Amino acid sequence: MSRAGLIRTGVIVAALAALEAACRTGLIDRFSLSPPSEMAISAARILASGEYTRDILATFATVAAAAALSIVAGFGLGVVLYRFPRLKRAADPFLASYYAVPSFIFYPLFIVLFGLNRWPLVAVAFVFAVVAMAIASVDGFLSVRPILLRTAASLRLTRAQTLRHVILPAAAPYLFTGVKLTVVYAFIGVVAGEFILSGSGLGYRIAFAYQSFETATMYGLMLILLTAVVSVNMLLWARERRLHARLTR
Amino acid sequence: MLTGPVETLTYLGGLLADHEFQLGVWETARAFGLALAIAWGSGLVIGLLLGAHRLTGEVAEPILTALYSVPKITLYPVILLFFGLGLSARVAFGAIHGVVPVALFTMAAVRGVPPVYFRTARSLRLGPVATARHILLPACLPGIVSGLRIGFSLTLLGVLIGEMFASQRGLGHMVIRAMETNDVRLLIALALFLVAVATGAGALLLALDRHVGRRGAGPR
Amino acid sequence: MTGGAALSRPEPARTGGSAAGAAGAAHVRVRGLTRVYPGAGGRPPLKALGPLDLDLAPGEFFSVVGPSGCGKSTLLDVLAGLSAASAGSVSFEGRAVTGQVPDGVGVVFQEDSSFPWLSVFDNAAFGLRRLKTPEAEVRARVAEALGLIGLSGFADAFPAQLSGGMRQRVCIARTLVMRPRLILLDEPFGALDQQTKLLMGDELLRLWRETGATILLITHSLDEAALLSDRIGVMSARPGRFIDLIETGWDRERDSRIAADPGFGAITARIWSQLREESLKAMRAAP
């Protein structure tokens, strides 16, 4: 491990130890925050008991569906914005401030449209996440050096061949970043929707545990959710770094 | 169920004159202003420190990236437990959303200054203050402004989320109430208002971003 | 390599302001070529090039030198079919070139255009694979091209691991495997150091002899033009026109050692005498 990596591990371990000590000595009120060790134990118990397995799977399946839809549609939207620069110029201010407005406030409308099941959650997460993928895609396409496009033309490539064999690989790091953001935003959309109005899912269970003063369960569930998101992200992040390393000189 | 655009606009016009709505706007604006000051201020300081000290930056970057990617909405019960149902909870929620991107962008901007600029500063015998003022600041400005812009958006998002789940006041709370009472007309009018304000501010910041970016020095 | 010393070298002959020779077997034929950029935002349109005429004989090595901004690269773009002429005509092997790169034309740019996500081998094979060439033939032709430019040992390397000169050779290999009959080079060695430049020039001459292709080289280097070419077209400041055409009279078997030949000095002196005034004009006009 690198020096920075060692120090980082040390910093994280020290922070967890300090938190643990603060909770154990009563510096932080037990009712507000469980010690990290108890969070981990609670998370392990939840996973072992299987009591919440259905909720966990429901949340992850919903996120996966929303992320998959967002990635495909966002990519398509990115292609359209790339092909029509005027459209992009007109859309820029909206895209730039899209994430200032919590678009999951439209969740109730989706419930009206789809009924009270998992589909409104997919829809609300899709609306939230698709723009991240679209922005990343169009940024990636625009980042392709013009010389590579001229090279494609000089090798007599068709438009489809240019997209498939030049623009896509050249924009790959950006697309990867887009996928990463899309997964995060899909999580936010689904969990927010489950908080607002739902009868199942991790977000619902966390809110329920909070309201019924089950602090240990609440932190256990939170730990499971956050660990899952951070792990997915770290995996994608590592791949992204490798891609960047090969493409930059 | 859904309302037409003309009807929505008329309704929004009436809403703008409504006292309760004005109070909500004021509450949100106050929380947002405080949260933005905290997010921008501490984000800049953290970013500058991490950018200036290479090892600290390398230690902190993956941690910050991980924090950036955490769906912070999950943490709303924690914020409630610590801050209670009040202004501080909304401000805290806004600030934790905005601070990380500002710090990350600032750090990247400081690190991205070509070393030859500092060698030039030394060869011109500039002191540390003059170097910071005349070399570092103008060279980093484009990156920093981009970070401030994204921090602006996410802080607003954070404040609104905070108001939705952890407050009895502000526009976010009005949204939740409209949801609970199924008042679609109010919901759409509120959304329209928020979109208009956010897009207006976003367009201004984007223009500033591009202006600074064009003049910004150095290869990207 | 042979033939450094025994060079037949007649005095540079003046052929006047038009590069169009007798009609007939011209490989590339340009007539009245003009390129005007429309003025954006109320500014007047900018005349970048022409009108100019040019005939290239099959297998000829022709160089274009000119001051910055004289439209050299625009000329290459139009010849390649990468951009359209505003007026006039370009034909390659008797067929008009319009808005698309014709079959049989290869282009090498100044800027590094190797694909960073592909290995050297895959870079070179890129064009052939798009044509769905059988893999066995792809292998054979890529191996041949890599051998020709001295990159055989680097087939599995990625561009990021190579020097600037080697990356430029990757781009040349990618063009060569397509077996172009006309190769257009836009300052391909512009970003390289002087010594590498000379050696790359020698390689280019060898490739030219072995492939029999017609070459048009755009350059801002007087030496490069004088060393490599059969004929040199000297361009004026914008809008670029040919103000001189110089026949070098070098042997087909030649390399960079002809720099020691007194004729080399005479040619560069003649180019510079034409170009000095134009370069000053271009410098003063530069924004």
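The values are calculated or read from the model by the stated rules, or taken from the named source; none is laboratory data. Because the structure is a prediction, the values reported are computed rather than measured. Cβ atoms come from the backbone with ideal geometry, glycine included; neighbour counts cover every protein chain shown. Heavy atoms of the whole protein, side chains included, go into the accessibility calculation; ligands, DNA and RNA do not. Shrake-Rupley method; radii C 1.70, N 1.55, O 1.52, S 1.80 Å.
Is it the case that region C:107-114 has a residue that's of a type outside the set (A, V, I, L, M), open to solvent by less than 10 Å² (accessible area, probe 1.4 Å), within 11 Å of another protein chain (Cβ to nearest Cβ) and in contact with a strand residue (DSSP E or B) (Cβ under 8 Å, 6 or more places away or on another chain)?
Initial filter on region C:107-114 (of a type outside the set (A, V, I, L, M)): C:109-114.
Next, from what is left, pick out any that are open to solvent by less than 10 Å² (accessible area, probe 1.4 Å): C:109, C:113-114.
If we keep only those that are within 11 Å of another protein chain (Cβ to nearest Cβ) too, we end up with C:109, C:113-114.
Right, trim to in contact with a strand residue (DSSP E or B) (Cβ under 8 Å, 6 or more places away or on another chain) and you get C:109.
Looking for residues that are of a type outside the set (A, V, I, L, M), open to solvent by less than 10 Å² (accessible area, probe 1.4 Å), within 11 Å of another protein chain (Cβ to nearest Cβ) and in contact with a strand residue (DSSP E or B) (Cβ under 8 Å, 6 or more places away or on another chain), one finds at least one in region C:107-114, hence yes.
Let's see how each residue does on (1) within 9 Å of chain B (Cβ to nearest Cβ); (2) over 18 Å from the mean Cα position of the chain (by Cα); (3) more than 27 Å from A:ALA136 (Cβ to Cβ); (4) not in a helix (DSSP H, G or I):
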position	(1), (2), (3), (4)
A:LYS180	yes, no, no, no
A:TYR185	yes, no, no, no
A:GLU194	no, no, no, no
A:GLY199	no, yes, yes, yes
A:ILE206	yes, yes, yes, no
A:ALA209	yes, yes, yes, no
A:ILE224	no, no, yes, no
A:VAL230	yes, no, no, no
A:ARG242	no, yes, no, no
If we scan region C:36-45, do we find a residue that is open to solvent by less than 10 Å² (accessible area, probe 1.4 Å) and either more than 30 Å from C:ARG270 (Cα to Cα) or more than 14 Å from chain A (Cβ to nearest Cβ) (or both)?
no
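For A:SER97, are the conditions met, namely being within 14 Å of chain B (Cβ to nearest Cβ), without any contact (Cβ under 8 Å) to a residue 40 or more places away in the chain, touching a Phe, Trp or Tyr at 6+ places or on another chain (Cβ under 9 Å) and among the polar types (S, T, N, Q)?
Here the answer is yes, as A:SER97 does meet what is asked.
Name the residue that is farthest from A:ILE188 (Cα to Cα), counting only residues in region B:126-145 that are of a type in the set (Gly, Ala, Ser) and out of contact with any Pro (no Cβ under 9 Å at 6 or more places or on another chain). Explain how you work it out, then say what you get.
Taking region B:126-145 as the starting set, the residues that turn out to be of a type in the set (Gly, Ala, Ser) are B:127, B:130, B:132, B:139, B:143.
Of the ones still in play, those that are also out of contact with any Pro (no Cβ under 9 Å at 6 or more places or on another chain) are B:127, B:130, B:132, B:143.
On the way: B:GLY127: 47, B:ALA130: 44, B:ALA132: 39, B:GLY143: 27 Å.
Looking at the filtered set, the residue picked out is B:GLY127.
Residues of region A:145-159 being of a type in the set (Lys, Arg) and either touching a Pro at 6+ places or on another chain (Cβ under 6 Å) or more than 9 Å from chain C (Cβ to nearest Cβ) (or both), which ones?
So in region A:145-159, the residues of a type in the set (Lys, Arg) come out as A:145, A:150, A:156, A:159.
Within region A:145-159, A:ARG159 is the sole residue that qualifies.
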Considering only residues of region B:166-185 that are open to solvent by 20 Å² or more (accessible area, probe 1.4 Å) and in contact (Cβ under 8 Å) with a residue 60 or more places away in the chain, which is farthest from B:LYS72 (Cα to Cα)?
B:ARG185
List pairs: first in region C:61-89 and within 14 Å of chain A (Cβ to nearest Cβ), second among the polar types (S, T, N, Q), Cβ under 6 Å, 6+ apart or cross-chain?
C:ASP77/C:SER83; C:GLY81/C:GLN100
The lone condition C:ALA160 fails out of (1) open to solvent by 10 Å² or more (accessible area, probe 1.4 Å); (2) of a type outside the set (Lys, Arg); (3) within 30 Å of C:VAL30 (Cβ to Cβ) is (3)
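From C:ILE258, C:ILE267, grab the single residue that is open to solvent by less than 10 Å² (accessible area, probe 1.4 Å) and modelled with pLDDT of 85 or more. Before the answer, list the steps.
Numbers: C:ILE258 fails: modelled with pLDDT of 85 or more.
Unique residue meeting the criteria: C:ILE267.
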Matching residues in region B:1-14 - criterion: being open to solvent by less than 30 Å² (accessible area, probe 1.4 Å) and β-branched (Val, Ile, Thr):
B:THR8
Which number in (1) outside any helix (DSSP H, G or I); (2) aliphatic (A, V, I, L, M); (3) away from chain C (no Cβ under 11 Å) marks the one condition that A:VAL131 misses?
(1)
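Just one of A:ALA48, A:ALA43 is open to solvent by less than 70 Å² (accessible area, probe 1.4 Å) and not β-branched (Val, Ile, Thr); which is it? Explain how you work it out, then say what you get.
On the way: A:ALA48 fails: open to solvent by less than 70 Å² (accessible area, probe 1.4 Å).
On inspection, the qualifying residue turns out to be A:ALA43.
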Name the single residue, out of those in region A:211-222 being of a type in the set (S, T, N, Q), assigned to a helix (DSSP H, G or I) and open to solvent by less than 60 Å² (accessible area, probe 1.4 Å), that is farthest from the other protein chains (Cβ to nearest Cβ).
A:THR217
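On the given criteria, is A:THR162 in contact (Cβ under 8 Å) with a residue 12 or more places away in the chain, over 27 Å from B:GLY162 (Cβ atoms) and either within 10 Å of chain B (Cβ to nearest Cβ) or surrounded by fewer than 23 Cβ atoms within 10 Å (Cβ to Cβ) (or both)? Please lay out each step first, then the result.
Details: in contact (Cβ under 8 Å) with a residue 12 or more places away in the chain: yes; over 27 Å from B:GLY162 (Cβ atoms): yes; either within 10 Å of chain B (Cβ to nearest Cβ) or surrounded by fewer than 23 Cβ atoms within 10 Å (Cβ to Cβ) (or both): yes.
Criteria met by A:THR162.
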Here are B:ALA17, B:ALA29, B:ALA35, B:ALA52: which of them is more than 30 Å from A:LEU113 (Cα to Cα), out of contact with any Cys (no Cβ under 7 Å at 6 or more places or on another chain) and either of a type outside the set (A, V, I, L, M, F, W, C) or open to solvent by less than 20 Å² (accessible area, probe 1.4 Å) (or both)?
B:ALA35
Checklist (1) of a type in the set (A, V, I, L, M, F, W, C); (2) more than 23 Å from the chain's Cα centre (by Cα); (3) crowded, with 19+ Cβ neighbours inside 10 Å; (4) in a helix (DSSP H, G or I) applied to A:LEU157, failing item:
(4)
Quickly run through region C:177-201 and pick out the residues that are open to solvent by 20 Å² or more (accessible area, probe 1.4 Å) and more than 18 Å from C:VAL64 (Cα to Cα).
C:MET178, C:ARG179, C:ARG181, C:LEU192, C:ASP193, C:GLN194, C:GLN195, C:THR196, C:LEU199
Region B:121-204: helices (runs of 4 or more DSSP H) wholly inside it with 1 or more residues that are aromatic (Phe, Trp, Tyr) and within 9 Å of chain A (Cβ to nearest Cβ) are B:137-165
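This table checks each residue for (1) crowded, with 24+ Cβ neighbours inside 10 Å; (2) more than 13 Å from chain A (Cβ to nearest Cβ); (3) not acidic (Asp, Glu).
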residue	(1), (2), (3)
B:TYR76	no, no, yes
B:ILE79	no, no, yes
B:PHE82	no, no, yes
B:LEU87	no, yes, yes
B:ILE96	no, yes, yes
B:PRO101	yes, no, yes
B:MET107	yes, yes, yes
B:ARG111	no, yes, yes
